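Below you'll find the structure, written out as C-alpha cells, and then a few comments.
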C-alpha cells in the first residue's frame, strides 16, 4: 500500500535508441505528490464567501417567513453610515467601529452578491499563489477598512453603503502592484499587466455610469490601500 503523503518517484519514459553521433539522453526521474491538485482558496476566504451567501440567502427568504423588514433592519444595524464618523449616534454602542466589518457581509441583491463573490474567488486564488493566505487576509481587512474610510471622507452624509467590492478592489490592486514589481525584477514585458489594469478601470467606470448607486469612492479607497500593501509585500521577503 502506498502512503499518500509520500512522494512517488516516476521513472522517465523509455526513449528510442539514440541516433549515431548524438550523445545519449540522460536518464531522469520526476517527483509527484499524490493528492496534489489545483490551489484551493484559503479557509478564511471560503468562510467570508459562505458568510456573505448565507446572509443574502436569509434576507431573501425573510419575506416568505413574514419578516419583510429584515433587509431594512440589516442595513440599519450592519450597513456603513458615514454620519456615524462625524459625531452621529449609533443604534448600539460601538456601531461606528463595527460597521467597518459588517458592511462587507451585506449586499444589495443576488446580482451584487454574485459579481463580488466570483471576483473575490478569482482574484483571491491568484493572489494566494503570490503572497500566501495570511498576507492576503491582512490586505482584505485593510482594504475593507480603507474603502469605508475614503467613502466617509468623500461622502460624509451618505449611507447606508454595503458590499465587499471595496475589499475585492483592494485584492485586485494588490495583485497588480505585486505583479508589477515582480515583472520589473525579472525584466519581463508589462504589457499584459497594463491591459489588465485598463480592463479593471474600464469596468469600474462602466459600472459607475450604468449603475449610479455604486459607491466608487469605496472602490477607490480599497484599491489605494491594496496597491500600497501589494507593493510593500512585493519588496519585503516572505518567511519560510
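Structure above, values below:
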{"read-out": "Which of 161, 117 has the fewest Cβ neighbours within 10 Å, and the rest in rising order", "value": "117, 161"}
{"read-out": "Ascending count of other beta-carbon atoms within 10 Å, so fewest first, for 213, 74, 82", "value": "213, 74, 82"}
{"read-out": "Cα-Cα separations in segment 43-235 greater than 30 Å, expressed as whole percent", "value": "21 percent"}
{"read-out": "Inter-probe distance in nm under a simple model that places probes 7 Å from Cα toward Cβ, at residue 188 and residue 58", "value": "4.3 nm"}
{"read-out": "Modelled FRET efficiency - R0 22 Å, residue 236 with residue 115, Cβ distances, 0.05 increments", "value": "0.10"}
{"read-out": "FRET efficiency for residue 40 and residue 77, using Cβ-Cβ distance with R0 set to 30 Å, rounded to 0.05", "value": "0.35"}
{"read-out": "Computed lengthening from residue 67 to residue 181, 0.36 nm per intervening residue step minus Cα-Cα distance", "value": "36.0 nm"}
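Values in this text are rule-based calculations from the coordinates and carry no lab data. The structure displayed is predicted, hence computed values, not measured ones. Note that we place each Cβ from the backbone using ideal geometry, even for glycine, and neighbour counts take in every protein chain shown.
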